[in-house]
1. Tell me, which residue of the range 88-114 that is charged (D, E, K, R) and within 11 Å of the chain's Cα centre (by Cα) is least open to solvent (accessible area, probe 1.4 Å)?
2. Mind listing just one residue for me: the one in the range 120-146 that is of a type in the set (S, T, N, Q) and in contact (Cβ under 8 Å) with a residue 12 or more places away in the chain and, of those, most open to solvent (accessible area, probe 1.4 Å)?
3. List the number of the failed condition for H19; all other conditions in (1) open to solvent by less than 80 Å² (accessible area, probe 1.4 Å); (2) modelled with pLDDT under 95 hold.
4. Just give me the residues in the range 35-80 being in a loop (DSSP other than H, G, I, E, B) and surrounded by fewer than 13 Cβ atoms within 10 Å (Cβ to Cβ), in sequence order.
5. Identify all residues within the range 170-185 that are part of a helix (DSSP H, G or I), free of Cβ contacts under 8 Å to residues at least 40 places away in the same chain and under 24 Å from P130 (Cβ atoms); write none if there are none.
6. Being in contact with a strand residue (DSSP E or B) (Cβ under 7 Å, 6 or more places away or on another chain) and assigned to a helix (DSSP H, G or I) narrows it down to one residue among V83, V116, V111, V92; which is it?
7. May I ask you to list pairs of residues, at least six apart or on different chains, whose Cβ atoms are under 6 Å apart, with the first in the range 21-38 being touching a residue at least 40 places away in the same chain (Cβ under 8 Å) and the second being part of a helix (DSSP H, G or I) and of a type in the set (V, I, T)?
8. Between a residue in the range 147-163 that is among the hydroxyl-bearing types (S, T, Y) and any residue that is part of a helix (DSSP H, G or I) and surrounded by fewer than 18 Cβ atoms within 10 Å (Cβ to Cβ), which pairs come within a Cβ distance under 6 Å, given they are 6 or more apart or on different chains?
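The values are calculated or read from the model by the stated rules, or taken from the named source; none is laboratory data. None of the values given here were measured: they were computed from a predicted structure. Quick reminder, even Gly has a Cβ in these numbers, built from the backbone with ideal geometry, and neighbours come from all protein chains shown. Heads up: the accessible areas ignore ligands, DNA and RNA and are worked out on the full protein's heavy atoms, side chains in. Shrake-Rupley method; radii C 1.70, N 1.55, O 1.52, S 1.80 Å.
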Amino acid sequence: DAIMAFWGAPVADADHALHAAQAALAMTARLDELNRELRGRGLPVIGLGIGINSGLVCVGDMGSDIRRSYTVMGDAVNLASRVEALTRVYGVDILLGESTAAAVGDRLALVEVDRVRVKGKQVAVTLFTPLSAAIAGQAQFADEMRLWQLALASYRQQDAKQALTSLEALRESFGGSALSGLYRQLGERIDRWADHPEPSDWDGTRTFDSK
């Protein structure tokens, strides 16, 4: 039920982060085509979640005399696995860790998703999702991102009223957006504040206690 891929070994790749993100976008584009075909045949559609992280890892032949494979291991790999699991939480197909996002830079359209602390880690990381050029090139995309950044900033300041106002504007104007699941989950999280408010010293980071 999972595939792991890595760039930069055995052949060095200076643009490993960009190539990984481009591969993920190509996978989701191909999956859209497949799902259209499946719907036409009356069959269930397929979903996926892709987590990408960049960092120093141990690479080589690993295992035992019975079973051995060429693979990677390390903290950066573990974080990629945690990031992948969060795609289902945030309603997006692809999530990038901040190290990958920094390496990609402005060569792809990246949308900030959240700042999180995953299970087993004390240091928070900021997550991003990449968008295709077709989506990012739409005329109203800048307006959509302005509203989302306002919603995210208001959420981190625990300003529920402003955050929900921005999210409602997103739903009204961009209801068919590829990021609608992301907007919905933030609204649901803020709604839960009535019964489970964040502590007064909350730093805007969401902590996950499970994988």
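1. D114
2. Taking the candidates together, the pick is Q140.
3. (2)
4. Selection gives R41, G42, L43, P44, V45, I46, G47, L56, S64, D65, I66, R67.
5. Residues satisfying the conditions are L170, R171, S173, Y183.
6. Result: V83 is the single residue among V83, V116, V111, V92 that is in contact with a strand residue (DSSP E or B) (Cβ under 7 Å, 6 or more places away or on another chain) and assigned to a helix (DSSP H, G or I).
7. A21/V104
8. Hits for this filter: S154/Q162.
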